[in-house]
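Here, each number is a calculation from the coordinates, and none is a lab measurement. Please read all numbers here as calculations on a predicted model, not as lab measurements. Cβ placement follows ideal geometry from the backbone for every residue including glycine, while neighbour counts extend to all protein chains displayed.
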């Protein structure tokens, strides 16, 4: 056995009698940490492992073909007492991790929504992890804080978002982990605003009511529950034939609730729903909210990135009505998860509802109000330097590069949807506005379910389903960063072939 | 100008007329992404940059000496349209990021609580970012899910935690981003349990009341507010002379609230408070909670790691009463932020309060209940593969290595505290139980404030303050992974020297 693969059984002098403070025990030896030359060597091995992964991920089954418990069975019941060689740990990336991985980075991943990555983003994550700045306060991470504020201002310009979202105006942007957390912050801010900061469950206030469509992401109802509003006060607004929220029905529900003595306080509209990528009409919904003095949140987690392209900005018409707006660069802007951007019209709304300021967190800069302390813009106190990867991505690709990426996926979607539409066995139930469409076999649910299962069982592609109205449909979403024309065409060939056996 | 430093002005064929789906526009070219050879080359450069950073971080001012706005002034007002060379972006790590960084990874960082990192953890973060599995469901990341469940079971054994926390029993563990999110999940679960899942702000239920001591972290009150309980229903329990919660006062407050018709539902005890590292008596508080049928959460965010060492386990006596328990490997277990572990006695408590299950997230495995879908154990839907770094760390160091690390820091703390105690100008206001003590100049607050400012202005160390009782004190926390004896001794020399000028 060569030295490198041996367990790391040697600890510094002093161990294991490290109980007192005298003698050699408090030496300056730090040999139990990884030496710089090992960090470089093993880090290079990790980079090469990733390159190899990317080179052959396309050939791996997209969905892991393991059963619950299979991965745990590969692991010892207790952890080691004595450290192991890094080589031995790395070897388990192949033995344990790869077989248990559903490959979000396969170019044949068309399921859910994509989770984009890119070279510059991954390397920024490495640098961020390596420096490990904790930017809870401006003072604990000035660059961590200011790059975030600044880059989110860049995006306001690049995407032609309302200028009130700029940090230099009343608003500002903040990076959250997910759209779920972003909408939770919006709900909390709306709740505090509606109750003059006196929300509680003590039972003397007017019941608050929130509104979203049947197609709205489940995270909105989850936020309503977390915030103590209760699912029973979450109203589901009707959708039209395109699965978009009906502003007239929203208006009616709000009016009815007011008559019944309840207090409408929050509306969520979606640009690009999860089920079918439907687009709620932002302007008329915003007008209802403005008239009714109700907080208006717009969720564009998946589709928000398209605002980089002028030809898609009509989808966001009326966004100036939004009190808060969210989209996820970690879905379609080649920035690693987690990176979910929340903009607000008035930063004071977030700060007033989420700030608690104990003595041990007091800083001079906070007192003067000159700097953003982002802990007051989110649920957690601590935070990573997530803006670094977004900054790297925006600079490496430039807005033109990102626009190319978006347009390419949208064009691919149209190409493949056209083929599905031309096939008489299929029905496109929801055509693509952007990069996703829903389709089914005309022979009905059981055949469509069987086809989806068959597609995924090949391991050559991964799609997921939803229910649209009464229909069980397959969602085909094109957004993985490496998906190219040949991938969608090969997948279509597979679908065509499998169809024969189902029908 | 050599090729490498030029802007990336060449996009694939088809750009910028990428509006239709015909012709060469949909080629298979993906040249706008980073090629494998560049990823390896730039990645190696990033690793070398980090090695260089670690080699000289000790010589950098620990606290960034910039003013609000300084970093933004180094950045252009809008982002680039055409992508930039990676070399140019990397160069800004030195020009922009370093001057704006408060160095949490300096061995002279004694402020707040530490944010540990280590070689194996950073490289695991690289691999996790590179594969970018999104483990919201078991199916979308079986290894991501099962390694997490399994490694958290390892820690139950290694730390001798209650066996009911094991995933194979009624409980289980989950990685959250921070202790703030962990306690929020606990509060939500407690609230739903107390109200039979019918919580809302509709005003007909008995007011819920939560309890913690004056020394409890602000995240608990923040969670109470977020959950809609309201700060006015957050009770502050008295502490004893060691700043530990008084169980008798807790019992009295609970009884008083019951008499007044309110419903006590949540108690948080802390093992190692943020201000002074005080330890609440877990067993008697747990007994009160059990008797009163109130949810008992134990927060050991900083100090929980010491349970690896048998000699410190007395601090956790009574933990079997805890309905939920939290500690942060990202503080003192050499695992990069974010990695905050939440254990619960009954996994059903979390799932029943946080699960919302729309059609597009249905999977066969969920229906059978065989696999953990961790989205139901947390606020966000999406999640990174954070268990990878914890797994790497536990294997690379082994429990013996981690125990050495903990004992070394505790011994260093005792060493330096002894010196402070021997100096007649100083008073140790709160002696160390573990790796932190609080001290002040006997001459009072203004002198102590001046001394702290002077220490931090040298750039040679970073400490922060708190208020203990009536006293303004300096906190000295030893926990940064690279802190060795010479660092604390050099810092003590600086404190001694500065003291002369203050007195």
Rounded, prolate or oblate for the stretch B:133-383? Axes are the square roots of the Cα gyration tensor eigenvalues, ordered a ≥ b ≥ c, and the cut-off for rounded is a/c under 1.5. oblate
Just to confirm the numbers: residue A:358, label point 7 angstrom along the Cα-Cβ line, distances to the other copies in nm, shortest first? 3.6
Shielding of A:336-343 by partner chains, average beta-carbon count, 10 Å: 3
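Using just the helices of chain A, give the 222 nm mean residue ellipticity in deg cm²/dmol: DSSP H runs with n ≥ 4 each add -39,500 (n - 2.57), and the total is spread over all residues, rounded to 500.
Numbers: 14 runs with 191 residues, N = 503.
The helix contribution divided over chain A gives -12000 deg cm²/dmol.
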Neighbour-count ranking for A:148, B:287 (other C-beta within 10 angstrom, fewest to most) reads B:287, A:148
Rounded to whole Å and sorted largest first, what semi-axes of the equivalent ellipsoid does the C-alpha gyration tensor of the protein assembly as shown yield via the square root of 5 times each eigenvalue? 44, 34, 28
Distance between the stretch B:286-306 and the stretch A:227-281 - C-alpha centres, whole angstrom: 40 Å
Hey, for residue A:170 with labels 7 Å out along Cα-Cβ, what do the inter-copy distances come to in nm, ordered shortest first? 5.1
Shortest first and in nm with one decimal, please list how far the residue B:442 label point sits from its counterparts in the other copies (point 7 Å along Cα→Cβ). 9.6
Report the label-to-label distance for residue A:355 and residue B:160 in nanometres (one decimal), using points 7 Å from each Cα along the Cα→Cβ vector. 4.6 nm
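Please work out the ratio of the alpha-carbon Rg of the stretch B:399-502 to 2.2 N^0.38 Å and round it to two decimals.
Details: Rg = 13.6 Å, N = 104, 2.2 N^0.38 = 12.8 Å.
The stretch B:399-502 yields a ratio of 1.06.
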Among chain B residues, which Cβ is nearest the axis of the B-onto-A rotation, and at how many Å? B:228, 1
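Mind running the shape call on chain A? Use the C-alpha gyration tensor, a ≥ b ≥ c as the square roots of the eigenvalues: rounded below 1.5 for a/c, prolate if a/b tops b/c, oblate otherwise. Spell out each step's value before the answer.
Details: a/c = 1.88, a/b = 1.15, b/c = 1.64.
Oblate is the answer for chain A, as a/c is 1.5 or above yet b/c matches or exceeds a/b.
Of B:167, A:355, how do they rank once you tally other Cβ atoms within 10 Å and put the fewest first? Walk me through the intermediate numbers first.
Working: B:167 20, A:355 15.
In order of increasing Cβ crowding within 10 Å: A:355, B:167.
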What does the highest-first list of A:379-389, B:272-282 look like by mean Cβ count within 10 Å? A:379-389, B:272-282
Note down the relative contact order for chain A as a percent, whole number, built from C-alpha pairs under 8 angstrom at least six residues apart. 20 percent
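Sorted from fewest to most neighbouring beta carbons within 10 Å, what does the list A:87, B:125, B:320 look like?
A:87, B:320, B:125
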Pull up the DSSP beta bridges for chain A and report the antiparallel fraction as a percent, rounded to 5. 60 percent
Please figure out what share of the DSSP beta bridges in the stretch B:133-383 is antiparallel and state it in percent, rounded to the nearest 5. 40 percent
Cα gyration tensor shape for the stretch A:310-430, rounded if a/c is under 1.5, else prolate or oblate: prolate
